[in-house]
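To start, the structure itself, in structure tokens.
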Amino acid sequence: MRIYPEVSALRTRAVIADLLLLALLVVFAWLGMKVNNTVDDIASLGRGVQDAGNSVRDGFTQAGATLGKVPLVGGDLSGALRDAGQATGGNAVEAGRQGELAIEAMAQLLGWLTFLIPSTLLLIAALPRRIRKIRQLNVAAQVLNAQNEEQRRLLAMRAAFSLPFGTLLGYTRDPFGDLQRGHYEALLRAVYEDCGLRAPSGNLMAGAGFEPA
């Protein structure tokens, strides 16, 4: 199975196009990671709220531990302060944690969307065309198989009657004269290379004694 044309100029263009496609996918992946990291930095606000909540809760807990040593009412005061610390600092810690998780989830979502949306659009635009060219190249390799003189003549006619005249002049100065005289080598090379294939060695222009204009 042929992936790239055998003609060097066409092969170079195809390779460059594939490398450009891969480069764009890498750029989109980098942008997705950049968006993820940038949005994820906002999660530091949630971590700050958690730290503040922990400080408040620890302060009430320490105060309760100190007042717990007071005779008679120490136990009640200690429990009240612990409850107050949990009601204020504990709630702040939970809110900060939930906020941090929500921001991290949004960061991941935005990062994936930044990568997937342009990448999907790019692949939808590029892959069908690339696959179609690969199929055409392989079908042409099966069809362009001139094994006898009649098949060579038919392929030469295809070149003379189908290819642009400007293209034919790159192979022969007189394409119709070559067809009439049975000099098919230049025309066969033209039709093979138009399909991205290298003409078999027996069909090279050198065999006709022709030098391109």
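The values are calculated or read from the model by the stated rules, or taken from the named source; none is laboratory data. Quantities reported herein were computed from a predicted structural model and do not represent experimental measurements. Cβ: placed from backbone, ideal geometry, glycine included. Neighbour counts: every protein chain shown.
Which residues, taken from the range 154-163, are more than 13 Å from ARG189 (Cβ to Cβ) and not in a helix (DSSP H, G or I)?
Residues satisfying the conditions do not exist here.
Here's a check for you: in the range 169-213, which residue that is among the hydrophobic types (A, V, I, L, M, F, W, C), modelled with pLDDT under 55 and not in a helix (DSSP H, G or I) is nearest to ILE134 (Cα to Cα)? So that I can check it myself, show each step before the final result.
Within the range 169-213, the first condition is being among the hydrophobic types (A, V, I, L, M, F, W, C), and the residues that meet it are 169, 176, 179, 186-188, 190-191, 195, 197, 199, 204-206, 208, 210, 213.
If we keep only those that are modelled with pLDDT under 55 too, we end up with 204-206, 208, 210, 213.
Next cut, not in a helix (DSSP H, G or I) only: 204, 210, 213.
On the way: LEU204: 24, PHE210: 31, ALA213: 31 Å.
My answer is LEU204.
Residues in the range 52-75: is at least one within 26 Å of ILE103 (Cα to Cα) and modelled with pLDDT of 85 or more?
No - not one qualifying residue is present in the range 52-75.
Mind counting the residues in the range 99-153 that are in a helix (DSSP H, G or I) and either among the acidic types (Asp, Glu) or over 17 Å from VAL27 (Cβ atoms) (or both)? Give the derivation first.
If we filter the range 99-153 for residues that are in a helix (DSSP H, G or I), which is where we start, we get 99-143, 149-153.
Then keep just the ones that are either among the acidic types (Asp, Glu) or over 17 Å from VAL27 (Cβ atoms) (or both); that gives 99-109, 124, 127-143, 149-153.
Qualifying residue count for the region: 34.
Looking at ALA95, ALA146, ALA87, ALA126, which one is modelled with pLDDT of 75 or more and of a type in the set (Gly, Ala, Ser)?
On inspection, the qualifying residue turns out to be ALA126.
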